[in-house]
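Only one structure is covered here, and it is reproduced in the block below.
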Amino acid sequence: MKRILTILMLALSGMQASAYRVVVTNLSDTPKTDYPVVIKLTSCVDIPSCRITCNNQEIPFQLDDLDQDGHFDELCFLVDLGPKEEKIFDVDKSFRGPIPSYPARVYAEMVMRNDKVKEKNKQNNYVESITARGDCANSYNLLHHHGVCFESELNGIRIYFDKRQTLDLYGKFKKGLELQETQFYTSDEQKAAGYGDDVLWVGNTFGLGALRGFDAKTLKPTMIEPVKSRTQRIISYGPLRTIVEVIDKGWQKDSLSEPVDMIIRYTQYAGHRDTDIDVFFSHDNVVNTFSTGIINVKGSTEFSDQKGTRACWGTDYPSTDHEKWKPETVGLAIYIPQQHLVNEFPADNDNYGFAVRSEKKHIHYKVAYCSANESFGYHSAKEWFDWVKEWSREISKPAVSITLDFR
């Protein structure tokens, strides 16, 4: 329900100031929890650490190197605000102590199978990046849980490492981080102890907001193939947000277009059930059309504002093995900004779909979901759709003001 407002730092001021003050104001009568403040460090070279305080109390933060060049690109921290409340945060860039180890509120993992470990939830061949050539016979099974996974206290997502690049979902009963312990393969003992599990069957659908190509003749999505290579990597492990990327090099989107390199970045903030998706292209694709959407869960009901926000609520088995799995009820949602929206298509057997376009080599949208298993969440279509409507309103009309002063 929160919108991230990025602050661009002035070049000269950023180079000269050793500290600055961030003023964050809630303009609405609705409290804000874990609201992300993200400061771009485009003008600041070699900031190894800093210190952030509010009313002389230290505030958890993290520094992220997005382009992996060895220099931090963004500073992030989260704020809680009451109605109409204003808070002042002091950032000391001259601080040279080690970055504190704040409690982790997010988690990300890539792990390959260890043949010596028989338990499916205790695999320990951890990797940070993996690349498969385009002619790889079965990239889906290279990673233990079929792709990178990440979570906040409220959600858990894995992204399939194949031409689908689908987002598959993990439902929780209680808030907390679980994927390090279950690895998306919850044991019977863990289930009895209240751990969550896989709650969605995705097949070849969009799942929760996978980006695909688009066939203008059939008006159908196309898979991310052929590619020269496909990469998944973890950019940031937390503690306040995790960032993972899927990189498709040399994607021949269709027979008429030249191959394009594409980076899909997923950002998951602590305390959030929604996930930010940013897609970056190597060259201008404004004339090209892509597709995304959410799976048409069996028997689901739909909400759409016809302006880019769409949701569903439905129940289906998360696996074709109906003997070992029970039906799961989920709510899914997607928010697409107007500048990226081309068309909304009627639901078919697989998806609630959209055609979307890039703007300046970039597409941004958000996805969110809930599981009816949650003790902290939503348990009816009405409750879920009410949350989605409020989520959409806050994204489109942010009610938090952020200003930056150098000193």
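Conditions tested, residue by residue: (1) under 25 Å from Leu177 (Cα atoms); (2) under 15 Å from the mean Cα position of the chain (by Cα); (3) crowded, with 21+ Cβ neighbours inside 10 Å.
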position: Tyr237; (1), (2), (3): yes, yes, no
position: Gly250; (1), (2), (3): no, no, no
position: Ser255; (1), (2), (3): no, no, no
position: Met262; (1), (2), (3): no, no, yes
position: Tyr266; (1), (2), (3): yes, yes, yes
position: Val279; (1), (2), (3): no, yes, yes
position: Asn296; (1), (2), (3): no, no, yes
position: Glu302; (1), (2), (3): no, no, no
position: Asp305; (1), (2), (3): no, no, no
field: Restricting the stretch 18-44 to residues that are touching a Pro at 6+ places or on another chain (Cβ under 8 Å), surrounded by fewer than 18 Cβ atoms within 10 Å (Cβ to Cβ) and farther than 15 Å from Ile395 by Cβ, the residue that is modelled with the highest pLDDT
entry: Pro31
query: under 27 Å from Ser101 (Cβ atoms), buried (at least 18 other Cβ atoms within 10 Å of the Cβ) and among the hydroxyl-bearing types (Ser, Thr, Tyr) - does that describe any residue in the stretch 197-208?
result: no
task: Give the number of residues within the stretch 166-182 that are open to solvent by 10 Å² or more (accessible area, probe 1.4 Å) and in contact (Cβ under 8 Å) with a residue 60 or more places away in the chain.
output: 6
task: Go through the stretch 117-148 and give me each residue that's in contact with a Phe, Trp or Tyr (Cβ under 6 Å, 6 or more places away or on another chain), buried (at least 18 other Cβ atoms within 10 Å of the Cβ) and touching a residue at least 40 places away in the same chain (Cβ under 8 Å).
output: Asn121, Ser139, Leu143, His145, Gly147
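Residue by residue, here is whether (1) under 20 Å from Trp201 (Cβ atoms); (2) touching a helix residue (DSSP H, G or I) at 6+ places or on another chain (Cβ under 8 Å) holds:
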residue: Ile277; (1), (2): no, no
residue: Val297; (1), (2): yes, no
residue: Lys307; (1), (2): no, yes
residue: Cys312; (1), (2): yes, no
- prompt: So which of Tyr107, Tyr102 ends up being in contact with a Pro (Cβ under 6 Å, 6 or more places away or on another chain), closer than 30 Å to His145 by Cα and not aliphatic (A, V, I, L, M)?
  reply: Tyr102
- line: Among strands (runs of 3 or more DSSP E) entirely inside the stretch 321-407, those with 1 or more residues being within 21 Å of Val37 (Cα to Cα) are 328-335, 362-371, 400-406
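Would you confirm, using the coordinates I've provided, whether Asp92 is of a type outside the set (Val, Ile, Thr) and either open to solvent by 70 Å² or more (accessible area, probe 1.4 Å) or within 23 Å of Tyr269 (Cβ to Cβ) (or both)? Full working, then the answer.
On the way: of a type outside the set (Val, Ile, Thr): yes; either open to solvent by 70 Å² or more (accessible area, probe 1.4 Å) or within 23 Å of Tyr269 (Cβ to Cβ) (or both): no.
In short, no.
The values are calculated or read from the model by the stated rules, or taken from the named source; none is laboratory data. Please read these numbers as outputs of a predicted model, since none were measured by experiment. With ideal geometry, Cβ positions are generated from the backbone for all residues, glycine too; neighbour counts draw on all protein chains shown. For the accessible areas, the whole protein counts, side chains as well, though only heavy atoms, and no ligand, DNA or RNA atoms are used. Shrake-Rupley method; radii C 1.70, N 1.55, O 1.52, S 1.80 Å.
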